[in-house]
Amino acid sequence: MNRMLFTVADFLSRPPGFYVVLIAMVACTALVPLGLTDIVTFALSVLAIVITGVVLIQGYRDTAAIHAKLDEIVIALRETRNDVIGLEHADPTEIEQVLETLEREAEELAQAGGRRTVASQ
């Protein structure tokens with residue numbers, strides 16, 4: 001099932017898929033003068049739900065790929081702490097605590113080195 005969803009999302013997120021959606025919308029609009037407003041409303045509602053799903057699936061794929069790449073960078077750099085790998089799976093409060101710690105440490109490093117951070121500008 002997931003494979004099918006990813007395939008459909010991949011197709012609809014590319015130009016040919018966009019053209020299919022566009023043609024479906026034009027076809028639905030052409031049916032309105034024929035008194036088929038209920039069918040058009042239903043079709044466009046389903047289309048909106050499908051497009052929302054495509055956006056969510058593509059966002060999930062992009063986010064997962066970015067996390068994998070960032071984890072690879074963290075592992076490759078010997079100076080980094082590997083305890084932040086997998087942080088995206090933690091509770092929001094735990095993520096917030098780690099972010100506060102990292103920001104505080106970055107500020108301390110910037111002050112020690114005489115550099116300005118984004119937060120202090």
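Within region 31-48, being surrounded by fewer than 12 Cβ atoms within 10 Å (Cβ to Cβ) and under 28 Å from the mean Cα position of the chain (by Cα) holds for SER45, VAL46, ALA48.
Step by step: first the residues of region 79-113, then only those that are part of a loop (DSSP other than H, G, I, E, B) and in contact with a helix residue (DSSP H, G or I) (Cβ under 6 Å, 6 or more places away or on another chain), then the one that is nearest to LYS69 (Cα to Cα). Which residue is that? Write out each step before concluding.
Initial filter on region 79-113 (part of a loop (DSSP other than H, G, I, E, B)): 79-81, 85-86, 90-91.
Next, only the ones that are in contact with a helix residue (DSSP H, G or I) (Cβ under 6 Å, 6 or more places away or on another chain) stay: 80, 85.
Working: THR80: 15, ILE85: 11 Å.
Checking each candidate, the answer is ILE85.
Being exposed (fewer than 11 other Cβ atoms within 10 Å of the Cβ) and of a type in the set (Asp, Glu) is the requirement here; does ASP71 meet it? For ASP71, the condition - exposed (fewer than 11 other Cβ atoms within 10 Å of the Cβ) and of a type in the set (Asp, Glu) - is not met.
The residue list ILE85, ILE95, ILE75 contains one member that is among the β-branched types (Val, Ile, Thr) and at pLDDT 80 or above, which is ILE95. Enumerate the pairs (first residue in region 24-45 and at pLDDT below 90; second residue anywhere and part of a helix (DSSP H, G or I) and not aliphatic (A, V, I, L, M)) with beta-carbon separation below 7 Å, excluding pairs fewer than 6 apart on the same chain, so at least 6 apart or on different chains. Every condition considered, the pairs that remain are VAL40/CYS28; ALA43/CYS28; LEU44/CYS28.
The values are calculated or read from the model by the stated rules, or taken from the named source; none is laboratory data. Since the structure is predicted, the reported quantities are computational estimates derived from the model, not experimental observations. Reconstructed Cβ throughout: ideal geometry from the backbone, glycine too, with neighbour counts over all protein chains shown.
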